[in-house]
Amino acid sequence: MNSIDNALRAIHILRDFGSARISDVAKVLGVADSTAHRIMAMLVFHGFAVQDDDRRYRAGPALSAPVLSSELARDIQELSLPTLGALANRYGETVCLATRVGVHTRVLVSAEPEDPDHVPERTGNVLPAHLSAAGRALLALLPVEKVEHLYRSTAAEARGSRLPDREYRILLAECDSTRRRGFSLCLESINKGISAVAVAVTSPRTPPVAIVVSTPAGRLVELYRTPERRAPLFDARDELAATLAVKLEPREPPSHLTA
């Protein structure tokens with residue numbers, strides 16, 4: 001309970017003070033710097049904190065993410081689990097299903113392999129779309145004008161999501177590469193030591209979602225380097241698309257899943 005209390009108090013620090021260093025967190029919580037570092041690393045992993053260029057911690061996207069409670073989201077979770085589980089065991093890696101909500105991606109559900117050496121389960125994580133494999137796969141489906149509105153418009157400036165010139169050029173290049181090869185990559189862009197490959201899944205009855213295979217960075221290339229290694233990921237994409245098209249009742253997707 002003490003560990004939970006410290007993690008929640010650290011979230012309050014980020015929410016109320018805007019930013020903090022490890023020494024600040026340690027002082028407020030009354031813990032050693034090493035303990036504060038472990039707490040903040042876990043908050044970063046789950047999207048409740050991000051670290052800026054000055055190594056200060058700031059509130060992460062999970063603190064402002066909208067609630068996903070729609071019946072459609074629950075149906076997608078349930079229908080996707082068999083496909084995700086089979087793929088997780090095929091690769092021996094954690095496999096997630098994610099959706100895009102504006103400039104963020106939200107992990108809807110995860111499946112873990114039987115092999116113990118894998119990335120921890122990530123259900124509920126909220127990540128920056130322009131840096132995550134899922135976000136890049138889903139942003140690549142959009143016309144450039146829509147991407148520009150999300151990251152370079154006056155509205156983007158007002159909500160704090162505007163990307164600097166260099167980061168925006170990198171995003172456009174990643175989207176181009178994703179369209180060309182059919183999958184997106186995250187090379188330790190969010191969590192050091194963790195990388196991912198993702199494909200978008202489109203269905204006439206749901207908003208686009210992405211299947212993501214997360215892996216320790218050193219194993220990433222092995223996941224996609226040959227057509228044979230990529231085949232299970234593409235097969236899972238096609239299988240899930242067919243499942244969602246056949247088994248979901250026609251309905252209007254909620255606005256927060258199409259923003």
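The values are calculated or read from the model by the stated rules, or taken from the named source; none is laboratory data. Only a predicted model underlies this, so the values are computations on that prediction, with no experimental measurement involved. Glycine gets a Cβ as well: all are built from the backbone with ideal geometry, and neighbour counts include every protein chain shown. Only protein heavy atoms, including side chains, enter the accessible area calculation; ligands, DNA and RNA are left aside. Shrake-Rupley method; radii C 1.70, N 1.55, O 1.52, S 1.80 Å.
Things to note:
- Å² per residue, accessible surface of the chain at 1.4 Å: 50
- About its Cα centre, the dipole of the chain is roughly 520 debye, where the only charges are +1 on Lys and Arg Cβ and -1 on Asp and Glu Cβ.
- Against the main long axis of the alpha-carbon atoms of the chain, helix 71-91 sits at an angle near 80°.
- Its convex hull of Cα atoms gives the chain a direction-averaged projected area, equal to a quarter of the hull surface, of 14.5 nm².
- Neighbours of Asn89 by Cβ distance under 11 Å: Lys/Arg scored +1, Asp/Glu scored -1, total -3.
- Karplus 3J(HN,Hα) series, Hz, for the range 94-108 with 6.51 cos²θ - 1.76 cosθ + 1.60 (x for Gly, Pro): 6, 10, 10, 10, 10, 10, 9, 10, x, 9, 10, 10, 10, 7, 7
- Helix 227-247 and the longest principal axis of the C-alpha atoms of the chain enclose an angle of approximately 80°.
- Listed residues Ala134, His149, Ala210: farthest to the positive end of the dipole of the range 115-255 (Cβ charges): His149
- Per-selection metrics, the range 1-46 (Cα): Rg and Dmax in Å: 9.3, 25
- Kirkwood Rh and Cα Rg combined as Rg over Rh, evaluated for the range 103-180: 1.06
- Each Lys or Arg adds one and each Asp or Glu subtracts one; over the other residues with Cβ under 12 Å from the Cβ of Gly102, this totals +4.
- Estimated from helical segments only, the mean residue ellipticity of the chain at 222 nm is -15000 deg cm²/dmol, where each DSSP H run of four or more residues counts as -39500 (n - 2.57).
- Ranking Val221, Val50, Val199 by solvent-accessible area of protein heavy atoms (1.4 Å probe, all protein chains present), from largest to smallest, gives Val221, Val50, Val199.
- For Asp165, the shell of other residues with beta-carbons less than 13 Å away shows a net charge of +2, using +1 for Lys and Arg and -1 for Asp and Glu.
- Nearest-ten-degree value, helix 33-45 long axis tilted from longest Cα axis of the chain: 30
- Choice from Ser80, Ser110, Ser203 with maximal GNM fluctuation in the chain (Cα, 10 Å cutoff): Ser203
- Whole-percent carbon and sulfur share, accessible surface of the chain, 1.4 Å: 53
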